[in-house]
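Rule-based calculations on the coordinates, nothing more; no lab input. What you see is a predicted model, and the numbers here were worked out from it, not measured in a lab. Glycine gets a Cβ as well: all are built from the backbone with ideal geometry, and neighbour counts include every protein chain shown.
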Amino acid sequence: MLLLVRHGQSQANAAGLLLGRADSPLTELGHLQAEALGEVLASRATAACRILTSPLQRARQTADAIAAAYAGAMAHGAGSTSTTAPRAVPEVSVDRRLVELDYGELEGMAPSKLPPGLWEHWCSDATWRPPGGETLWEVAARVSAACEELAPEAAQGEVIVVSHVSPIKAAVAWALRAGPEVSWRLSLGVASITRIATDGPRGPALVSFNETDHLARLG
């Protein structure tokens, strides 16, 4: 199973700004969300094979919190059954293909401050490139390549991928065999979990999208 995890709330997220390659750290709430992610993922009976993360700070902080939760669960005997010995704590590896969309000159802007009509045009044209940035098709290409590479491993165990809103939507499009324009019709919260099965006879299948129940106790 591919477990696609969006990082916890970052400072730029909290301010409502477009956040791509800028290295905005987690807020205090974001750290709590990352801990909640770790708790729910590490509580499962099966241990993750490994954890992959975007190189950006907000994703790495989230991935580290998840790995710490697995370490704690293993230390207390969780993550195993009476017939299965616990596996080693999954290591965290950086994969640059999981980095967020490059917004170019739009980085750090509030959506309400974009030039009139730009957002509507972008939503209708997945080939449009923000000045100095990246197209949705380019995001789709690098994420699809990562998913194809990870699919055999994810068919044998759980692979946690800590990333951002655009790459996770691109992974969902990969599973659905849809174009990147579908991303505009998907709403994905911070610190959410999306699951894609890769062991089926017909290829990848979307199992769940935007799970956030683990955040309920945070208010």
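For the stretch 111-200, dividing the convex hull volume of the Cα atoms by the residue count gives 107 Å³ per residue. Panel order for HIS214, HIS121, HIS164, by other beta carbons found within 10 Å of each beta carbon, from fewest to most: HIS121, HIS214, HIS164.
For the stretch 2-218, the Cβ-based charge dipole about the Cα centre amounts to some 260 debye (Lys, Arg positive; Asp, Glu negative; other atoms uncharged). Taking N as the residue count of the stretch 2-218, its C-alpha radius of gyration divided by 2.2 N^0.38 Å amounts to 1.02. Within the chain, the whole DSSP H helices whose Cα atoms reach 15 Å or more along their own axis and whose mean Kyte-Doolittle score is at least 0.5 are 165-176.
Sorting 186-193, 96-103, 5-12 by their mean Cβ neighbour count within 10 Å, with the most densely packed peptide first, gives 5-12, 96-103, 186-193.
Taken over the stretch 11-58, the alpha-carbon convex hull comes to 78 cubic angstrom per residue. In plain terms, the C-alpha convex hull of the stretch 49-171 casts an average shadow of 9.2 nm² when viewed from every direction. Put in order of Cβ neighbour count within 10 Å, fewest first, the listed residues CYS123, CYS147, CYS49 become CYS123, CYS49, CYS147.
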